[in-house]
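As C-alpha coordinates, the structure follows; a few thoughts come after it.
The values are calculated or read from the model by the stated rules, or taken from the named source; none is laboratory data. For clarity, every value in this text was computed on a predicted model and none was experimentally measured. Cβ placement follows ideal geometry from the backbone for every residue including glycine, while neighbour counts extend to all protein chains displayed. Note: accessible area is taken over every heavy atom of the protein model, side chains too, but ligands, DNA and RNA are not part of it. Shrake-Rupley method; radii C 1.70, N 1.55, O 1.52, S 1.80 Å.
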Amino acid sequence: MTYLYPQIIFSKLFGACLLASLMLLAPLTAQAEYGDVVLNNRAEQSGMRPVIFPHWFHRIRFKCKVCHTEVGFEMRAGANDILMADIIDGKLCGKCHNNKIAWGPQNCHLCHSGLPGLKTGIRGGDSTGGPGKW
Amino acid sequence: MVQNLMKGLLALCIGLGIAQGAFPAEPASTEKPAWLPLAQDDLHDPEGPGIKFLQEPAESLSTLPSDVVGNRVNWVRALDKGFIDPRINLYSNKKQKVLDLDVIRRKTGEMNMVRFPHRQHTEWLDCTNCHEWLFKSKAGATKFSMFDVLKGDFCGRCHGAVAFPLTQCNRCHSVPRRVSATPAADAGRK
(Lines give C-alpha, C1' and ligand atoms only; values in the text may rest on other atoms or scores of the structure.)
Protein backbone atom coordinates (compact mmCIF):
# COMPACT_ATOMS: atom_id res chain seq x y z
CA MET A 1 0.00 0.00 0.00
CA THR A 2 2.73 2.45 0.96
CA TYR A 3 4.35 1.60 -2.34
CA LEU A 4 1.23 2.72 -4.22
CA TYR A 5 0.92 5.99 -2.34
CA PRO A 6 2.93 8.30 -4.63
CA GLN A 7 1.16 6.83 -7.62
CA ILE A 8 -2.23 7.68 -6.19
CA ILE A 9 -1.24 11.20 -5.29
CA PHE A 10 0.25 11.52 -8.73
CA SER A 11 -2.86 10.44 -10.56
CA LYS A 12 -5.09 12.65 -8.39
CA LEU A 13 -2.92 15.65 -9.00
CA PHE A 14 -2.63 14.73 -12.62
CA GLY A 15 -6.40 14.52 -13.05
CA ALA A 16 -6.98 17.78 -11.24
CA CYS A 17 -4.26 19.48 -13.23
CA LEU A 18 -5.52 18.16 -16.54
CA LEU A 19 -8.98 19.42 -15.78
CA ALA A 20 -7.64 22.79 -14.67
CA SER A 21 -5.53 23.17 -17.79
CA LEU A 22 -8.39 22.17 -20.04
CA MET A 23 -10.69 24.67 -18.40
CA LEU A 24 -8.05 27.36 -18.72
CA LEU A 25 -7.47 26.54 -22.36
CA ALA A 26 -11.12 26.48 -23.34
CA PRO A 27 -11.72 30.25 -23.56
CA LEU A 28 -8.49 30.74 -25.52
CA THR A 29 -9.67 28.80 -28.52
CA ALA A 30 -11.45 30.35 -31.46
CA GLN A 31 -15.14 30.15 -32.27
CA ALA A 32 -14.83 28.11 -35.43
CA GLU A 33 -16.93 25.00 -35.94
CA TYR A 34 -15.26 21.94 -34.39
CA GLY A 35 -12.91 20.19 -36.83
CA ASP A 36 -12.57 23.04 -39.34
CA VAL A 37 -9.11 23.00 -40.96
CA VAL A 38 -7.34 26.13 -42.19
CA LEU A 39 -5.09 25.41 -45.19
CA ASN A 40 -2.72 28.28 -45.77
CA ASN A 41 0.73 26.92 -46.51
CA ARG A 42 0.65 28.49 -49.95
CA ALA A 43 -2.66 30.17 -50.66
CA GLU A 44 -2.08 33.63 -49.22
CA GLN A 45 1.50 33.82 -50.48
CA SER A 46 -0.02 33.42 -53.92
CA GLY A 47 -2.61 36.12 -53.34
CA MET A 48 -5.60 33.89 -52.56
CA ARG A 49 -7.65 33.80 -49.34
CA PRO A 50 -6.77 30.87 -47.03
CA VAL A 51 -8.79 27.68 -47.62
CA ILE A 52 -11.32 26.56 -44.96
CA PHE A 53 -12.03 22.82 -45.02
CA PRO A 54 -15.11 21.87 -42.92
CA HIS A 55 -14.98 18.32 -41.48
CA TRP A 56 -18.57 18.53 -40.24
CA PHE A 57 -19.91 19.15 -43.75
CA HIS A 58 -17.89 16.37 -45.37
CA ARG A 59 -18.40 13.71 -42.67
CA ILE A 60 -22.16 13.88 -43.15
CA ARG A 61 -21.48 12.75 -46.74
CA PHE A 62 -18.33 10.59 -46.50
CA LYS A 63 -16.75 8.25 -43.98
CA CYS A 64 -13.33 9.26 -42.74
CA LYS A 65 -11.69 6.42 -44.65
CA VAL A 66 -12.77 7.84 -48.01
CA CYS A 67 -10.46 10.81 -47.55
CA HIS A 68 -7.90 9.36 -45.20
CA THR A 69 -7.40 6.10 -47.13
CA GLU A 70 -8.80 6.32 -50.65
CA VAL A 71 -7.95 9.98 -51.34
CA GLY A 72 -4.87 9.70 -49.13
CA PHE A 73 -4.91 12.75 -46.84
CA GLU A 74 -2.53 12.23 -43.94
CA MET A 75 -4.20 12.91 -40.56
CA ARG A 76 -2.09 15.91 -39.67
CA ALA A 77 -3.18 19.44 -40.49
CA GLY A 78 -0.72 21.06 -42.86
CA ALA A 79 1.13 17.82 -43.64
CA ASN A 80 -0.37 17.42 -47.12
CA ASP A 81 1.22 19.71 -49.67
CA ILE A 82 -1.73 20.74 -51.83
CA LEU A 83 -1.16 22.47 -55.16
CA MET A 84 -3.94 23.86 -57.34
CA ALA A 85 -2.40 21.96 -60.25
CA ASP A 86 -3.01 18.68 -58.40
CA ILE A 87 -6.62 19.60 -57.65
CA ILE A 88 -7.32 20.47 -61.27
CA ASP A 89 -5.56 17.20 -62.15
CA GLY A 90 -8.12 15.27 -60.10
CA LYS A 91 -5.98 14.58 -57.03
CA LEU A 92 -6.65 15.40 -53.34
CA CYS A 93 -9.67 17.75 -53.09
CA GLY A 94 -9.92 17.32 -56.86
CA LYS A 95 -10.77 13.62 -56.50
CA CYS A 96 -14.27 14.88 -55.67
CA HIS A 97 -14.28 18.53 -56.68
CA ASN A 98 -14.21 17.60 -60.35
CA ASN A 99 -17.70 18.68 -61.50
CA LYS A 100 -18.83 15.07 -61.10
CA ILE A 101 -18.92 14.03 -57.44
CA ALA A 102 -18.96 17.69 -56.34
CA TRP A 103 -18.67 21.09 -57.99
CA GLY A 104 -15.36 21.74 -59.69
CA PRO A 105 -12.20 23.76 -59.11
CA GLN A 106 -13.52 26.78 -60.99
CA ASN A 107 -15.41 27.85 -57.82
CA CYS A 108 -12.35 29.44 -56.24
CA HIS A 109 -14.16 31.43 -53.59
CA LEU A 110 -16.03 28.45 -52.09
CA CYS A 111 -12.74 26.94 -50.91
CA HIS A 112 -10.68 30.14 -50.62
CA SER A 113 -13.07 31.70 -48.11
CA GLY A 114 -10.87 32.43 -45.07
CA LEU A 115 -9.90 35.65 -43.35
CA PRO A 116 -6.47 36.91 -44.39
CA GLY A 117 -3.69 36.03 -41.96
CA LEU A 118 -4.99 32.70 -40.67
CA LYS A 119 -2.41 30.03 -39.83
CA THR A 120 -2.68 26.46 -41.11
CA GLY A 121 -4.15 24.13 -38.49
CA ILE A 122 -7.15 22.47 -36.93
CA ARG A 123 -9.71 24.74 -35.22
CA GLY A 124 -12.88 24.61 -33.27
CA GLY A 125 -12.70 25.10 -29.51
CA ASP A 126 -13.47 22.42 -26.92
CA SER A 127 -10.23 20.81 -27.91
CA THR A 128 -6.97 20.80 -26.08
CA GLY A 129 -5.43 22.48 -29.05
CA GLY A 130 -5.10 19.56 -31.40
CA PRO A 131 -1.90 17.97 -32.61
CA GLY A 132 1.26 19.95 -32.29
CA LYS A 133 -0.03 22.64 -29.93
CA TRP A 134 1.76 21.38 -26.80
CA MET B 1 11.07 10.14 -10.82
CA VAL B 2 7.56 10.66 -9.54
CA GLN B 3 8.67 13.88 -7.88
CA ASN B 4 10.12 15.20 -11.10
CA LEU B 5 6.93 14.41 -12.94
CA MET B 6 4.91 16.21 -10.29
CA LYS B 7 7.18 19.23 -10.52
CA GLY B 8 6.75 19.21 -14.28
CA LEU B 9 2.99 19.06 -13.94
CA LEU B 10 2.91 21.90 -11.47
CA ALA B 11 5.09 23.99 -13.73
CA LEU B 12 2.74 23.24 -16.58
CA CYS B 13 -0.30 24.26 -14.54
CA ILE B 14 1.37 27.47 -13.48
CA GLY B 15 2.55 28.14 -17.00
CA LEU B 16 -0.96 27.73 -18.31
CA GLY B 17 -2.27 30.00 -15.59
CA ILE B 18 0.17 32.69 -16.66
CA ALA B 19 -0.61 32.23 -20.33
CA GLN B 20 -4.26 32.61 -19.45
CA GLY B 21 -3.53 35.87 -17.63
CA ALA B 22 -1.67 37.20 -20.63
CA PHE B 23 -4.53 36.53 -23.04
CA PRO B 24 -7.67 37.12 -21.00
CA ALA B 25 -10.84 35.62 -22.38
CA GLU B 26 -13.09 38.27 -23.92
CA PRO B 27 -16.53 37.89 -22.34
CA ALA B 28 -16.90 36.26 -18.94
CA SER B 29 -19.27 33.61 -20.25
CA THR B 30 -17.69 30.15 -20.63
CA GLU B 31 -20.62 28.62 -22.52
CA LYS B 32 -19.83 28.62 -26.22
CA PRO B 33 -23.00 29.09 -28.23
CA ALA B 34 -23.62 26.17 -30.57
CA TRP B 35 -23.14 26.70 -34.30
CA LEU B 36 -22.08 30.29 -34.76
CA PRO B 37 -22.97 31.78 -38.14
CA LEU B 38 -20.01 31.47 -40.54
CA ALA B 39 -19.64 35.24 -40.69
CA GLN B 40 -18.90 35.32 -36.95
CA ASP B 41 -16.66 32.27 -36.62
CA ASP B 42 -13.31 34.15 -36.81
CA LEU B 43 -12.42 31.95 -39.77
CA HIS B 44 -14.55 32.86 -42.77
CA ASP B 45 -14.12 36.29 -44.33
CA PRO B 46 -17.52 38.01 -44.03
CA GLU B 47 -16.46 40.23 -46.96
CA GLY B 48 -15.51 37.26 -49.17
CA PRO B 49 -17.60 36.47 -52.25
CA GLY B 50 -18.03 32.80 -51.31
CA ILE B 51 -19.53 32.95 -47.85
CA LYS B 52 -23.13 33.42 -48.94
CA PHE B 53 -23.03 30.16 -50.88
CA LEU B 54 -21.73 28.04 -47.99
CA GLN B 55 -24.04 26.09 -45.73
CA GLU B 56 -24.50 27.38 -42.17
CA PRO B 57 -23.54 24.64 -39.66
CA ALA B 58 -26.78 25.12 -37.72
CA GLU B 59 -28.85 24.29 -40.77
CA SER B 60 -27.79 20.65 -40.92
CA LEU B 61 -26.20 19.97 -37.53
CA SER B 62 -29.32 20.99 -35.60
CA THR B 63 -31.26 18.15 -37.25
CA LEU B 64 -28.87 15.44 -35.96
CA PRO B 65 -28.84 13.73 -32.51
CA SER B 66 -27.42 16.29 -30.13
CA ASP B 67 -24.36 16.33 -27.91
CA VAL B 68 -22.90 18.93 -25.55
CA VAL B 69 -19.42 19.20 -27.06
CA GLY B 70 -17.61 19.28 -30.39
CA ASN B 71 -20.02 19.79 -33.28
CA ARG B 72 -22.86 19.43 -30.73
CA VAL B 73 -23.69 16.25 -32.64
CA ASN B 74 -23.52 12.68 -31.35
CA TRP B 75 -21.95 11.26 -34.51
CA VAL B 76 -22.09 7.65 -33.30
CA ARG B 77 -25.85 7.84 -32.90
CA ALA B 78 -26.31 9.85 -36.07
CA LEU B 79 -24.71 6.99 -38.00
CA ASP B 80 -26.21 4.07 -36.02
CA LYS B 81 -29.75 5.44 -36.23
CA GLY B 82 -29.49 6.28 -39.91
CA PHE B 83 -29.74 10.07 -39.62
CA ILE B 84 -26.78 10.21 -41.99
CA ASP B 85 -25.59 7.74 -44.62
CA PRO B 86 -22.06 8.76 -45.57
CA ARG B 87 -20.47 7.17 -48.62
CA ILE B 88 -18.00 4.34 -47.98
CA ASN B 89 -15.98 4.48 -51.21
CA LEU B 90 -15.59 6.65 -54.26
CA TYR B 91 -14.60 4.05 -56.82
CA SER B 92 -15.09 0.55 -55.43
CA ASN B 93 -17.92 -1.50 -53.97
CA LYS B 94 -16.02 -2.80 -50.97
CA LYS B 95 -18.20 -3.10 -47.86
CA GLN B 96 -17.22 -1.37 -44.64
CA LYS B 97 -15.26 -3.95 -42.59
CA VAL B 98 -16.65 -3.61 -39.08
CA LEU B 99 -14.93 -5.30 -36.14
CA ASP B 100 -16.82 -5.72 -32.87
CA LEU B 101 -14.00 -5.98 -30.33
CA ASP B 102 -13.38 -3.95 -27.20
CA VAL B 103 -9.89 -3.37 -25.85
CA ILE B 104 -9.53 -2.39 -22.20
CA ARG B 105 -6.52 -0.28 -21.30
CA ARG B 106 -5.81 -0.51 -17.60
CA LYS B 107 -2.93 1.84 -16.76
CA THR B 108 -5.05 4.77 -15.73
CA GLY B 109 -4.04 5.40 -12.12
CA GLU B 110 -7.12 6.19 -10.09
CA MET B 111 -9.26 6.97 -13.12
CA ASN B 112 -11.69 4.45 -14.56
CA MET B 113 -10.05 2.13 -17.06
CA VAL B 114 -10.32 2.95 -20.76
CA ARG B 115 -12.55 0.97 -23.10
CA PHE B 116 -11.60 1.27 -26.76
CA PRO B 117 -14.54 0.01 -28.84
CA HIS B 118 -13.57 -1.17 -32.35
CA ARG B 119 -17.16 -1.26 -33.61
CA GLN B 120 -17.88 2.47 -33.47
CA HIS B 121 -14.45 3.23 -34.93
CA THR B 122 -14.57 0.76 -37.80
CA GLU B 123 -17.97 2.14 -38.81
CA TRP B 124 -16.04 5.26 -39.87
CA LEU B 125 -12.45 4.17 -40.39
CA ASP B 126 -10.30 1.54 -42.10
CA CYS B 127 -8.01 -0.74 -40.10
CA THR B 128 -5.06 1.00 -41.77
CA ASN B 129 -6.13 4.41 -40.45
CA CYS B 130 -4.84 3.14 -37.08
CA HIS B 131 -2.90 -0.12 -37.65
CA GLU B 132 0.05 -0.64 -37.47
CA TRP B 133 1.51 2.86 -37.72
CA LEU B 134 -0.38 4.24 -34.70
CA PHE B 135 -1.55 1.20 -32.70
CA LYS B 136 -0.28 -2.39 -32.64
CA SER B 137 -2.82 -5.19 -33.13
CA LYS B 138 -2.23 -6.56 -29.66
CA ALA B 139 -4.02 -5.30 -26.56
CA GLY B 140 -1.60 -3.40 -24.32
CA ALA B 141 1.31 -3.55 -26.77
CA THR B 142 1.23 0.15 -27.70
CA LYS B 143 2.87 2.21 -24.97
CA PHE B 144 1.53 5.73 -24.46
CA SER B 145 0.23 7.95 -21.68
CA MET B 146 -2.44 10.58 -21.24
CA PHE B 147 0.21 13.21 -21.96
CA ASP B 148 0.76 11.76 -25.42
CA VAL B 149 -2.99 11.83 -25.96
CA LEU B 150 -3.21 15.46 -24.87
CA LYS B 151 -0.31 16.31 -27.16
CA GLY B 152 -2.42 15.09 -30.05
CA ASP B 153 -0.94 11.66 -30.58
CA PHE B 154 -2.56 8.19 -30.38
CA CYS B 155 -6.23 8.64 -29.39
CA GLY B 156 -5.56 12.40 -29.46
CA ARG B 157 -4.93 12.36 -33.19
CA CYS B 158 -8.68 12.37 -33.70
CA HIS B 159 -10.12 13.13 -30.25
CA GLY B 160 -9.57 16.83 -29.67
CA ALA B 161 -9.46 17.47 -33.42
CA VAL B 162 -12.39 15.88 -35.27
CA ALA B 163 -13.92 13.21 -32.97
CA PHE B 164 -15.36 14.18 -29.56
CA PRO B 165 -12.90 16.25 -27.50
CA LEU B 166 -10.66 15.21 -24.63
CA THR B 167 -12.68 17.18 -22.11
CA GLN B 168 -15.04 14.17 -22.00
CA CYS B 169 -12.84 12.01 -19.75
CA ASN B 170 -15.54 9.48 -18.90
CA ARG B 171 -16.44 8.52 -22.43
CA CYS B 172 -13.03 6.86 -22.69
CA HIS B 173 -12.46 6.22 -18.98
CA SER B 174 -15.70 4.27 -18.76
CA VAL B 175 -14.82 1.02 -16.98
CA PRO B 176 -14.79 1.24 -13.18
CA ARG B 177 -12.19 -0.79 -11.34
CA ARG B 178 -13.80 -3.57 -9.37
CA VAL B 179 -13.67 -2.55 -5.73
CA SER B 180 -12.92 -6.12 -4.75
CA ALA B 181 -9.91 -6.44 -7.03
CA THR B 182 -6.63 -6.47 -5.18
CA PRO B 183 -4.32 -3.65 -6.24
CA ALA B 184 -1.64 -6.24 -6.96
CA ALA B 185 -3.83 -7.98 -9.53
CA ASP B 186 -4.36 -4.76 -11.44
CA ALA B 187 -0.82 -3.52 -11.04
CA GLY B 188 0.49 -6.73 -12.58
CA ARG B 189 -1.58 -6.37 -15.75
CA LYS B 190 -0.23 -4.37 -18.56
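Please compute, for peptide B:136-144, the average count of beta-carbon atoms on other protein chains lying within 10 Å of each residue's beta-carbon.
That average works out to 0.
Gain in length, B:ASN89 to B:GLU59, computed as 0.36 nm per residue apart minus the alpha-carbon separation, to one decimal in nm?
Extra length available between B:ASN89 and B:GLU59 comes to 8.2 nm.
I'd like to check one number: the per residue accessible area of the stretch B:26-165, probe 1.4 Å, reported in Å² as a whole number.
Per residue, the stretch B:26-165 has an accessible area of 57 Å².
Considering the dipole of the stretch B:45-190 built from charges on the beta carbon (Lys and Arg +1, Asp and Glu -1) around the Cα centre, which of B:PRO65, B:VAL175, B:TRP124 is farthest to its positive end?
Most positive-ward Cα: B:VAL175.
Can you pull the mean other chain C-beta count within 10 Å for peptide B:44-52?
Mean partner shielding for this stretch: 6.
For a test of the definition: using alpha carbon positions, the gyration tensor, and the 1.5 limit on a/c, classify the stretch B:47-120 as rounded, prolate or oblate.
oblate
Calculate, in nm to one decimal, what A:THR69 and A:LEU83 gain on full extension: separation in residues at 0.36 nm each, minus their alpha carbon distance.
Additional length available on full extension: 3.1 nm.
Roll a 1.4 Å probe over the protein chains and send me the accessible area per residue for the stretch A:36-123 in Å².
Accessible area per residue, the stretch A:36-123: 50 Å².
With all protein chains present and a 1.4 Å probe, how do B:TRP124, A:TRP103 order by accessible area, largest first?
Reading off the accessible areas and sorting them downward yields A:TRP103, B:TRP124.
Under a Cβ-only charge scheme (Lys and Arg +1, Asp and Glu -1), can you give me the dipole magnitude of the stretch A:36-123 about the Cα centre, in debye to the nearest 20?
Value, rounded to 20: 300 debye.
So what are the ³J(HN,Hα) numbers for the stretch A:46-51, from phi and the Karplus equation (6.51, -1.76, 1.60; θ = phi - 60°), rounded to whole Hz, Gly and Pro as x?
Karplus values, whole Hz, x for Gly and Pro: 9, x, 10, 4, x, 8.
Calculate the radius of gyration of the Cα atoms of the stretch B:96-190 to one decimal place, then report Dmax, the largest Cα-Cα distance, as a whole number, both in Å.
Calculated on Cα positions, Rg and Dmax stand at 13.7, 41 Å.
List the aspartates and glutamates whose Cα sits under 12 Å from the Cα of B:LYS143, skipping any in the same chain fewer than 8 residues away.
Output for B:LYS143: B:ASP153.
If you take the accessible area of A alone plus B alone and subtract the pair, what total do you get in square angstrom, rounded to 100, with a 1.4 Å probe?
6600 Å²
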